[in-house]
Every structure is written in structure tokens, then in C-alpha cells.
Amino acid sequence: MTESPPGVNPREDGQMSVLIVGFVVLALLLATVVMGASAIYLEHKKLLSLADGAALTAADSFMVGELGGGSLPSPSLVDQRVVTAAGSHLVSSDAYSRHDHLVVAAGTGSEPGGTAVVVLTAVAHPPVISFLLPEGIVVEARSTARSSLTQ
């Protein structure tokens with residue numbers, strides 16, 4: 001039997017490795033959560049950028065109408081035209097291959113004053129923990145753009 005140095009209890013010998021393993025597991029868990037949250041955040045920012053472009057394209061698809069029967073021309077947007085313009089922007093930018101389950105969601109359309117509203121949804125898959133969330137996390141981005149006529 002080996003003797004312990006003075007002041008060290010032989011029953012506590014080797015307990016430091018359990019503490020180190022516990023802290024390593026905790027640090028890995030924290031890193032996994034931070035990576036997952038960052039992946040979701042980045043997917044939202046990409047989707048928001050795409051929604052901004054689609055809203056700008058949709059706002060430029062206006063027809064010139066009259067404001068309240070007066071003589072001043074104003075931009076006039078129709079819901080179907082906004083949805084079609086947003087969809088064509090997504091196709092031309094090849095967005096469907098970069099985002100999983102990308103959809104032009106409900107709420108996309110026009111508002112008074114020549115404002116185009118585009119709502120996009122996609123599914124984000126966080127790294128490492130994707131086996132816990134096989135369907136992924138639905139991310140939504142909403143963007144508005146307004147047309148204005150100037151002389």
C-alpha cells in the first residue's frame with residue numbers, strides 16, 4: 001500500500017479527473033448551444049436579406065394609378081402582383097437551392113400607399129444537434145418596401 005503525502009486524504013485521490021471531465025462536458029454543451037443559436041441567427045439574417053430584395057422587386061412592379069380620384073399619379077400595387085414579383089425574385093436569385101423549404105408566406109401583399117410586404121419562411125437546421133430536431137426550426141423574415149414617384 002502506498003502512502004499519501006501529508007495533508008491529502010487517500011479517499012479523495014483521483015477526484016480531480018471527474019471534475020475536469022464534468023467541466024469539459026459542460027463546455028462542449030455550451031459550445032453546441034452557441035453554435036446552434038448562431039446558425040439560426042445567420043439563417044434569419046440571410047432570409048431577411050432575401051426578403052428585402054424581394055420586397056424591393058415587388059415595390060418596383062407597381063402600376064401608375066390615381067390617388068383618391070385626384071390628378072396626382074401614385075403607385076398602385078396589387079397583392080397578386082407583389083406575390084408574383086417576390087416569387088420571380090426568388091427564382092432568379094436561386095434562393096430555393098440555398099434555403100430549405102423556402103416559402104412566400106401568408107401576409108405577403110400590398111398595403112396602402114404603394115407599400116409591398118414580403119414574408120418568407122424557411123427551415124434552419126442547427127449543426128451538431130440536428131438529430132434532436134430532425135424537422136429543423138422554422139425561421140420567418142418580413143420586409144417592406146415602398147414605391148414613390150418623383151418628378
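Throughout, read-outs are computed from the coordinates displayed, never taken from laboratory work. The shown structure was predicted, so the numbers you read here are calculated from the model rather than taken from an experiment. Here the Cβ positions follow ideal geometry from the backbone for every residue, glycine too, while neighbour counts run over all protein chains shown.
Here are the numbers:
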| read-out | value |
| --- | --- |
| Spacing of the two label points (7 Å from each Cα toward its C-beta) at residue 49 and residue 125, in nm | 2.1 nm |
| FRET E, pair residue 94, residue 37, Förster distance 30 Å, beta-carbon r, rounded to 0.05 | 0.65 |
| Rounded Å value of the spacing that divides the Cα centres of the range 19-49 and the range 97-130 | 23 Å |
| Spin-label pair residue 101/residue 137, simplified geometry with 7 Å Cα→Cβ offset, distance in nm | 1.4 nm |
